[in-house]
Amino acid sequence: MQKIIISIACATLITLSACSVHKVDIQQGNVITPEMRSQLKVGMSKRQVSFVLGSPLLIDPLHRDRWDYLYSLSKGRKAPEIQRMTLFFEGDKLARVDDHTLPGGTPSPPLPMPATPTEPSTPKVVEPVPLP
């Protein structure tokens, strides 16, 4: 009888311990901070943009002048936070940026135009951002 009670208690403990499973936060894609976004300027080369933002997550082989930066963060059982930024180039120069979602729901400001079309634009050094 004592063996049966111990067996039932062990089975109950194992079953109840499975109910409190911890879900790990899943982070995927490119993190784009507002500081990184503010460094983008119309007319920047693809190399300069890649230096500021890193390599894009998606480069469509049929549309080489479009780069997509995607980021998602799933915290536990909450709905995932998704950000998407699409960059369009004309030749080697950045033509426009479409921000679909920014952190906190803030609208993205328009890109500033360069001072002169012939002035080379050099990106600033980006400090590493600590991840949560």
> Can you tell me how many residues in region 23-54 are part of a loop (DSSP other than H, G, I, E, B) and touching a residue at least 12 places away in the same chain (Cβ under 8 Å)?
Replying inline: 13
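Table: residues versus (1) in contact with a helix residue (DSSP H, G or I) (Cβ under 8 Å, 6 or more places away or on another chain); (2) buried (at least 16 other Cβ atoms within 10 Å of the Cβ); (3) modelled with pLDDT of 85 or more.
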{"site": "Ser7", "(1), (2), (3)": "no, no, no"}
{"site": "Ala11", "(1), (2), (3)": "no, no, no"}
{"site": "Thr15", "(1), (2), (3)": "no, no, no"}
{"site": "Lys23", "(1), (2), (3)": "no, no, no"}
{"site": "Asn30", "(1), (2), (3)": "yes, yes, no"}
{"site": "Met36", "(1), (2), (3)": "yes, yes, yes"}
{"site": "Gln39", "(1), (2), (3)": "yes, yes, yes"}
{"site": "Ser45", "(1), (2), (3)": "no, yes, yes"}
{"site": "Ser50", "(1), (2), (3)": "no, no, yes"}
> Tell me, which residue of region 78-94 that is among the acidic types (Asp, Glu) and assigned to a strand (DSSP E or B) is surrounded by the most Cβ atoms within 10 Å (Cβ to Cβ)?
Replying inline: Glu81
> Does any residue of region 60-77 turn out to be in a helix (DSSP H, G or I) and surrounded by 12 or more Cβ atoms within 10 Å (Cβ to Cβ)?
Replying inline: no
> Do we find that Met85 is under 23 Å from Asp25 (Cα atoms) and of a type in the set (A, V, I, L, M) in this structure?
Replying inline: yes
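The values are calculated or read from the model by the stated rules, or taken from the named source; none is laboratory data. None of these values were measured; they are calculated from a predicted model. Please note: Cβ atoms are built from the backbone with ideal geometry, for glycine as well, and neighbour counts cover all protein chains shown.
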